[in-house]
Amino acid sequence: MEAYCVKCKEKREVLEPNAEFNALGTPVTRGKCSVCGTTMYRIGATPDHEGLEKPPRRHSRPRSGKLVIVESPAKAKTIGRFLGKGYTVRASVGHVRDLLRSELSVDVENEFTPKYRVPNEKRPVVKELKALAKEAAEIYLATDPDREGEAIAWHLLEAAQIEPKLSHRVVFHEITDHAINEAFENPREINMDLVDAQQARRVLDRLVGYSISPVLWEKVRSRLSAGRVQSVALRLIVEREREIEAFNPVEYWSIEAELAPEGKKTSYLTKLVKIDEVEPELGNQEEVERYLGDIEAAPFTITKIKKSERRRKPSAPFITSTLQQEASRRLGYTARRAMMIAQQLYEGLDIGEGGTVGLITYMRTDSTNIAEVAQEEARTFIRNTYGENFLPEKPPQYKTRAVSAQEAHEAIRPTSVVRQPEKIKQFLSPEQFKLYQLIWQRFVASLMESAVYDTTSVEVTAAGKDHNYLFRASGSTIKFPGFLVVYEEAKDEDLKTDETENVKIPAKLEEGQAQTLIRLLPLQHFTQPPPRYTEATLVQVLEEYGIGRPSTYAPILSTIQQRGYVLREAKRLSPTETGVLVNDLVMEYFPDIVDYNFSATMETSLDQIAAGKEEWHKVIADFYRTFEPEVKKAQAEMPVNKAEPEKIGRECPECGHDLVIRWGRYGKFISCSNFPACRHTEALLEKIGVTCPKDGGDVVMKKTRKGRIFYACSNYPNCDFTNWKRPVALPCPKCGGMLVIANKREVQCTQCEESFLIEDLGLTISD
């Protein structure tokens, strides 16, 4: 062995070499110069170091200070304000380790061991955290309070080489002074059961995605994918579309009668419910006309008046799924958009209190629990603001709807009910204000007294010559508003209401009182197909089936739209040709993956792992035992569905070859058939059969970079016509301007802004 001699100024043979470790734990060899006898020193491991015990690592200087690691810079800023001096707060900016993107990165032969690595873009962050951790006396891992947050804490421990004995896991569900202090006073160790549950989910999803997707690339085309929850969501949308296509409308009629007490002008509407004690089945106009003359000639008499009191309880405070649903119904937000805004409210905003402060509790939760402190604060606020009558004797108790909910978590609520939306509106963006107001109102209402209604049901008998007819009307009036003074849950767009279900019934009606027939209203109806899913209703169904978790709904909905499987138009989700094809192939060759019960069972197994009741390697092994043969069968038997690119009848302006339609990341586009030699591309413009009001060109459907649909003139940029709402081919009956779809029932003129009922114009517009 040779080493550099500082006295001889050159390399010399080392005499009496002795293998050892220095104070920092680095392997070194110490000896003497063979010429001058000077002590020589060489760094590096040698065979002589094998078997030697490495001494405990000593630092050149004592550790000091406390390091806190969170996920986001915004969260770091807010927490740093509360912790003050003595704490260094840094953000990991999300995950610091993940599976390799270029390969499966799961060792199937070795108990499905995942192969993690630090992505290139995260290496500077990890390097900084590693350096800070070496100097800190205590390290606090303050990542989010869910399985993913627990896994990130564990990855930080591994990637930054944090000494476990110096690390602490702290968890808080709101970023407030009280919550943070309590968390730091009660640190714990990393919960490896939660980590294993997240690892199992990640490995499971990787096995499914990286096994099925290559088959689809080979048999259909590139950029396709499948997933355990993604494919189930797609199945629901495709099956609903097929229900709509197969639906045959059935005609039926109803008869309503407008009545008034004899000698009175105040009228009310009733509905025919029985003919000779039997529910009527009126299938066509001829059947209706058989009864009209008999009813018109009959005397009408009130035979029964029933008055009662009905109590309506408030809705539970928000969980992730219900927040996404209500934000969709009330605000028109996608699930992804709602969660992005909620994240901002949770991590903290400057509202004029001397720095940033968290406004809501953690937004990924499936529990309706509310902390006792928050309950008492809200009850005091309700008592002082609305009065004692609006406060129930005990706080209402809500049952969590989600399967295997994590009850240790809290519902989504404001961190302080005293921060009323209007008081902090000036500090929030319009989107932040709307969502915060929604969360605040829902939370306050959930702790208030029930609303009380006085209900009245009136039955009127028409004694005809041939038959006896029973008409009925029901109405209600608010006796005590209760929680309604603060908030009322939006009605589902898909629920149809009967105009006779809540009629304003005149006062002083009496049994035996004669009624005057004002008019009969025979009404034609047709049964309607089931509506297409909205993001709100799809999340609701996934939750009911027990498929997915709070953190998965938003990304899944985004994925199926980004893949070009599903289109979102007028809030409704419809499958594309590609979506139908992929669904059918996955249904045929991977039936377990898209089976509702299977997906729910897997979620239960993941919950069992989190509870320490199942071992995650075994769960994955049991799944893979049946999944692997399905993959091999699909590779061998799935037919090739690759279609030749469709020619559009034009030549490439750059090279003269045919232009064709291809599929890309964001859907269909026009490309040169001579690709990759020629890289000419054009956007594919889908005509909707409407003429541009500005220059007479074709109105086409387009997409923004984020996938939002809008409508524009095909002659852009020469014509700048655009509209977010879908135009229809019929001109405005009032001014001749362009009509656009305003909502499910109405169209609106872009010129005179007059609204018209779709059915009155004879338009047929699908959901």
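Of note:
- Qualifying residue in the stretch 611-632 (condition: farther than 19 Å from ALA677 by Cα, surrounded by 12 or more Cβ atoms within 10 Å (Cβ to Cβ) and not assigned by TED's automatic domain parsing to the domain that holds VAL229): no
- Helices (runs of 4 or more DSSP H) lying entirely in the stretch 76-187 (those with 1 or more residues that are over 27 Å from GLN343 (Cα atoms)): 123-135
- Scanning the stretch 206-242 for residues that are within 18 Å of the chain's Cα centre (by Cα), farther than 14 Å from LEU585 by Cα and charged (D, E, K, R) yields one hit, ARG228.
- Flag if THR29 is in a strand (DSSP E or B) and either surrounded by 17 or more Cβ atoms within 10 Å (Cβ to Cβ) or under 29 Å from the mean Cα position of the chain (by Cα) (or both): yes
- Failed item, numbered, when CYS8 is tested on (1) at pLDDT below 85; (2) farther than 30 Å from LEU132 by Cα; (3) touching a Leu at 6+ places or on another chain (Cβ under 7 Å): (3)
- Residue within the stretch 511-533 that is out of contact with any Lys or Arg (no Cβ under 7 Å at 6 or more places or on another chain), assigned to a helix (DSSP H, G or I) and not hydroxyl-bearing (Ser, Thr, Tyr) present: no
- Residue that is farthest from GLU543 (Cα to Cα) [pool: residues in the stretch 575-598 that are touching a Phe, Trp or Tyr at 6+ places or on another chain (Cβ under 7 Å) and not aliphatic (A, V, I, L, M)]: THR578
- Meets criteria (in contact (Cβ under 8 Å) with a residue 24 or more places away in the chain, assigned to a strand (DSSP E or B) and not aliphatic (A, V, I, L, M)) for ARG42: yes
- Qualifying residue in the stretch 655-664 (condition: buried (at least 17 other Cβ atoms within 10 Å of the Cβ), modelled with pLDDT of 85 or more and among the β-branched types (Val, Ile, Thr)): yes
- Any chance THR604 is surrounded by 12 or more Cβ atoms within 10 Å (Cβ to Cβ), over 21 Å from LEU224 (Cβ atoms), out of contact with any Cys (no Cβ under 8 Å at 6 or more places or on another chain) and among the hydroxyl-bearing types (Ser, Thr, Tyr): yes
- Meets criteria (touching a residue at least 12 places away in the same chain (Cβ under 8 Å), in a helix (DSSP H, G or I), among the hydrophobic types (A, V, I, L, M, F, W, C) and farther than 20 Å from GLU326 by Cβ) for ILE439: no
- Qualifying positions in the stretch 594-645 - over 24 Å from VAL215 (Cα atoms), assigned to a helix (DSSP H, G or I) and of a type in the set (Gly, Ala, Ser): ALA600, SER605, ALA610
- Meets criteria (outside the structural domain of GLU218 (by TED's automatic domain parsing) and not aromatic (Phe, Trp, Tyr)) for ILE648: yes
- Checking the stated criteria, ALA729 turns out to be of a type in the set (A, V, I, L, M, F, W, C), closer than 30 Å to HIS525 by Cα, surrounded by fewer than 17 Cβ atoms within 10 Å (Cβ to Cβ) and outside the structural domain of GLU577 (by TED's automatic domain parsing).
- The stretch 243-279, residues that are closer than 22 Å to TYR469 by Cα and of a type in the set (Gly, Ala, Ser): SER254, ALA257, ALA260, SER267
- Exactly one residue out of ARG221, ARG228, ARG290 is surrounded by fewer than 19 Cβ atoms within 10 Å (Cβ to Cβ) and part of a loop (DSSP other than H, G, I, E, B), and it is ARG221.
- Checking each residue of the stretch 94-103 against the condition of being exposed (fewer than 14 other Cβ atoms within 10 Å of the Cβ), closer than 30 Å to VAL215 by Cβ and among the hydroxyl-bearing types (Ser, Thr, Tyr) gives at least one match.
- Scope the stretch 348-374; condition at pLDDT 95 or above and outside any loop (DSSP other than H, G, I, E, B); matching residues: ILE360
- Residues of the stretch 384-399 classified as outside any loop (DSSP other than H, G, I, E, B) and surrounded by 16 or more Cβ atoms within 10 Å (Cβ to Cβ), total: 2
- Residue satisfying all of: in the stretch 326-347; under 30 Å from ASP454 (Cα atoms) and buried (at least 17 other Cβ atoms within 10 Å of the Cβ); modelled with the lowest pLDDT among these: ARG329
- Condition broken by LEU282, with the remaining ones in (1) in a helix (DSSP H, G or I); (2) touching a residue at least 24 places away in the same chain (Cβ under 8 Å); (3) not aromatic (Phe, Trp, Tyr) satisfied: (1)
- Tally, over the stretch 698-755, of residues that are part of a strand (DSSP E or B), free of Cβ contacts under 8 Å to residues at least 24 places away in the same chain and either of a type in the set (S, T, N, Q) or over 13 Å from GLU569 (Cβ atoms) (or both): 12
- Positions within the stretch 125-178 being crowded, with 23+ Cβ neighbours inside 10 Å and basic (Lys, Arg), in sequence order: ARG147
Residues are listed down the side, and each one gets a yes or a no for (1) touching a residue at least 60 places away in the same chain (Cβ under 8 Å); (2) touching a strand residue (DSSP E or B) at 6+ places or on another chain (Cβ under 7 Å); (3) in the same structural domain as GLU614 (by TED's automatic domain parsing); (4) not basic (Lys, Arg):
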{"position": "HIS95", "(1), (2), (3), (4)": "yes, no, no, yes"}
{"position": "TYR116", "(1), (2), (3), (4)": "no, yes, no, yes"}
{"position": "ALA137", "(1), (2), (3), (4)": "yes, yes, no, yes"}
{"position": "LEU166", "(1), (2), (3), (4)": "yes, yes, no, yes"}
{"position": "HIS178", "(1), (2), (3), (4)": "yes, no, no, yes"}
{"position": "GLU182", "(1), (2), (3), (4)": "no, no, no, yes"}
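The values are calculated or read from the model by the stated rules, or taken from the named source; none is laboratory data. Given the structure is predicted, the values throughout are model-derived calculations rather than measurements. As a convention, Cβ positions derive from the backbone with ideal geometry for all residues, glycine included, and neighbour counts pool all protein chains shown.
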